[in-house]
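Just below is one structure, and these are the notes that go with it.
The values are calculated or read from the model by the stated rules, or taken from the named source; none is laboratory data. None of these values were measured; they are calculated from a predicted model. Cβ: placed from backbone, ideal geometry, glycine included. Neighbour counts: every protein chain shown. Side chains included, ligands, DNA and RNA excluded: accessible areas come from the protein's heavy atoms. Shrake-Rupley method; radii C 1.70, N 1.55, O 1.52, S 1.80 Å.
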Amino acid sequence: MKADLHTHTTASDGTLSPRALVREAHRRGLQVLAVTDHDSVDGIAEAEEEATELGVELVAGVELSTDVPGSEVHLLGYFVDWHSESFRQLLRRLRDGRVVRAKEMVRRINQLGIPLTFEEVLKYADGAIGRPHVARALVASGYVASVQEAFARYLGRGCPAYVERERFSPEEAVEAIRAAGGVPVFAHPLWGGDPERVARLVKHGLKGIEVYYPDHTPADVLRFLELARRFHLVPTGGSDYHGPGPLSKAELGSQYVPPDAVDALRRAREG
Ligand code: AMP
Ligand code: ZN
Ligand code: FE
Ligand code: FE
């Protein structure tokens, strides 16, 4: 019995539609799937429809990107009320910020002598726009050989076309998820998940931490399990699957938790 609690669709930077992702989850025998697009819940309705059809349990989720000095922290939100108008408004604001940022990245790429246009980038973005869409446009135009090269040369933090986003803190993200009736979980804590920050976020209502994740070594898993125990957080996990293509670090369902973890998250929502 497996629950993969971290996946992306075309509503952000994944390559599978919500429907196709749910079908793939069913094909792989997953009992529970959480769709956690970056700054968007626009894939949830379609995913739920297909999940109901196939008998997969769908958890409505989201992944919010936040900034901390010199790095970023991602927060997953589960069981969010994706109809909530105030939550949708916040997500819209975050996505508008992504458009501004993508345009600025294109401008910097132009300054480096590459005549990429924003329209070319838009061809790859159906929902929340991000660096992966800029990377795909660069690959398609032949300026780089791969998405990895696009990140390594231009788009990665510290690279010449890297642009900071509008400041949004982990504390704000935790509170926004709670305000939308959701359960906030610290995503891939190798990024910024030091005990002091985790302790601070627990005070704001953090309920879980992503322990099982493609980049985690067995030692990381033990360390984050220990952190979960210390702060009474639900240990979660998922593949961060982005569909076929270079953005997926692992196959759908390759990182997972037992469905008990999903029940624990649901209880954390109430408690
Ligand atoms: P953004 O949300 O625009 O900051 O883009 C972040 C997304 O880009 C992540 O969720 C990954 O899907 C992808 N990404 C980040 N770093 C890399 C990298 N070095 N190579 C490939 N994809 C990356
Ligand atoms: Zn992504
Ligand atoms: Fe992330
Ligand atoms: Fe992700």
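Please state, to two decimals, what the Cα-based radius of gyration of the chain comes to when divided by 2.2 N^0.38 Å (N = residues).
Its radius of gyration relative to the 2.2 N^0.38 Å reference: 0.97.
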Worksheet item: Rounded to the nearest 0.05, what FRET efficiency do GLU175 and ALA145 have when you use their Cβ-Cβ distance and R0 = 41 Å?
Response: 0.45
Worksheet item: Per residue, how much accessible area does the stretch 138-271 show when a 1.4 Å probe rolls over the protein heavy atoms, in square angstrom?
Response: 46 Å²
Response to the item:
A correct Karplus calculation of ³J(HN,Hα) over the stretch 9-15, with 6.51 cos²θ - 1.76 cosθ + 1.60, θ = phi - 60°, whole Hz and x for Gly and Pro, returns 10, 5, 5, 10, 10, x, 9
Practice prompt. Over every pair of different alpha-carbon atoms in the stretch 133-271, take the mean of 1/r and invert it; report that Kirkwood radius in Å.
Written response: 16.9 Å
Response to the item:
Cβ-Cβ cut-off under 14 Å around MET1, Lys and Arg +1, Asp and Glu -1: the net charge is -2
Discussion item. What are the equivalent ellipsoid semi-axes of the stretch 1-149, built from the alpha-carbon gyration tensor (square roots of five times its eigenvalues), in whole angstrom, biggest first?
Written reply: 30, 18, 13
Worksheet entry | Loop-located GluC sites (Glu not before Pro) in the stretch 86-170 whose Cβ has at most 14 other Cβ within 10 Å (DSSP) | GLU164, GLU166
Discussion item. Taking 0.36 nm per residue of sequence separation and subtracting the Cα-Cα distance, how much length would be gained by fully extending the chain between ARG266 and ALA152, in nm to one decimal?
Written reply: 37.1 nm
Worksheet entry | Three-way shape label, the stretch 124-214, alpha-carbon gyration tensor, a/c 1.5 | prolate
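Provide, for the chain, the number of lysine pairs with alpha carbons under 27 Å apart, each pair being eight or more places apart or on different chains. Show your work: numbers first, answer last.
Working: LYS2/LYS207; LYS2/LYS249; LYS103/LYS123; LYS103/LYS249; LYS123/LYS249; LYS207/LYS249.
Number of lysine pairs found: 6.
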Practice prompt. Work out the FRET efficiency for ARG167 and LYS203 from their Cβ-Cβ distance, taking R0 = 22 Å, and round it to the nearest 0.05.
Written response: 0.60
Item to complete: State log₁₀ I(q)/I(0) for the stretch 125-178 at q = 0.29 Å⁻¹ as given by the Debye formula over alpha-carbon point scatterers of equal weight, solvent excluded.
Response: -1.08
Worksheet entry | Size of charge dipole - the chain - debye, nearest 20, with Cβ of Lys, Arg +1 and Asp, Glu -1, no other charges | 560 debye
Worksheet item: Which ³J(HN,Hα) values, rounded to whole Hz and listed in residue order, are derived for the stretch 58-75 from phi using the Karplus coefficients 6.51, -1.76 and 1.60 in 6.51 cos²θ - 1.76 cosθ + 1.60 with θ = phi - 60°, glycine and proline given as x?
Response: 9, 9, 6, x, 7, 10, 9, 8, 10, 10, 9, x, x, 7, 9, 10, 10, 10
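How much of the accessible area of the chain, probe 1.4 Å, is carbon plus sulfur, in whole percent?
Exposed carbon and sulfur together represent 52 percent of the surface.
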